[in-house]
Amino acid sequence: MKNIDEKEKKLSDTLKKLREINIQDSKEIDEVAILKDQKNQLEIEKNQITKSIQHLEEENLKLKSQLNELKNDYEISRRKENKFNEKIDELNQETDSLLEEIDKWQM
């Protein structure tokens, strides 16, 4: 009888331990599932951020290109303006010279 009682007690203890293990495994499985969900969400967010960064980098390159074009256009415009001003100065000098000649002839 003692043997049966001992075996029954051991069986009962073992069953109790198995139940605890299953509960712990279940909790761990749930935690792992939660972590997987969080990982997937973070990967989705990472992909979205990566796409946004790529879009911003492309936009940045376009804006830099446009800025360079505007700078070039501005420089060309300044050169033309300077040439125009030089021509005006030359014409003013010629006009002054002609006016002096006219004044000489009128005297």
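No value in this document is a laboratory result; all are computed from the given coordinates. In this text the structure is predicted, and so the values were computed from the model without any measurement. So basically every Cβ, Gly included, is an ideal-geometry build from the backbone, and we count neighbours across all protein chains shown.
Key figures
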{"item": "Nearest-ten-degree value, helix 2-106 long axis tilted from longest Cα axis of the chain", "result": "0"}
{"item": "Hits among lysines - C-alpha to C-alpha of LYS9 under 18 Å, sequence gap 8 or more where chains match", "result": "LYS17"}
{"item": "From the coordinates shown, Cα extents along the principal axes in Å corresponds to which of [x] 66, 26, 26; [y] 155, 14, 11; [z] 45, 30, 25", "result": "[y]"}
{"item": "Proximal aspartates and glutamates to LYS46, defined as alpha-carbon separation beneath 19 angstrom and excluding residues fewer than eight positions away on the same chain", "result": "ASP37, GLU57, GLU58"}
{"item": "Linear extension gain, ASP30 paired with THR50, 0.36 nm per residue minus alpha-carbon span", "result": "4.2 nm"}
{"item": "The chain, dipole about Cα centre (Lys/Arg Cβ +1, Asp/Glu Cβ -1), debye to the nearest 20", "result": "1460"}
{"item": "Dipole axis of the chain (+1 Lys, Arg; -1 Asp, Glu on Cβ), positive-most option in ILE88, ILE53, ILE4", "result": "ILE4"}
{"item": "Summed side-chain charge close to ASN72 - residues other than ASN72 whose Cβ falls under 14 Å, Lys, Arg +1, Asp, Glu -1", "result": "+2"}
{"item": "GNM flexibility winner over the chain from ASP73, ASP96, ASP37 (Cα, springs under 10 Å)", "result": "ASP96"}
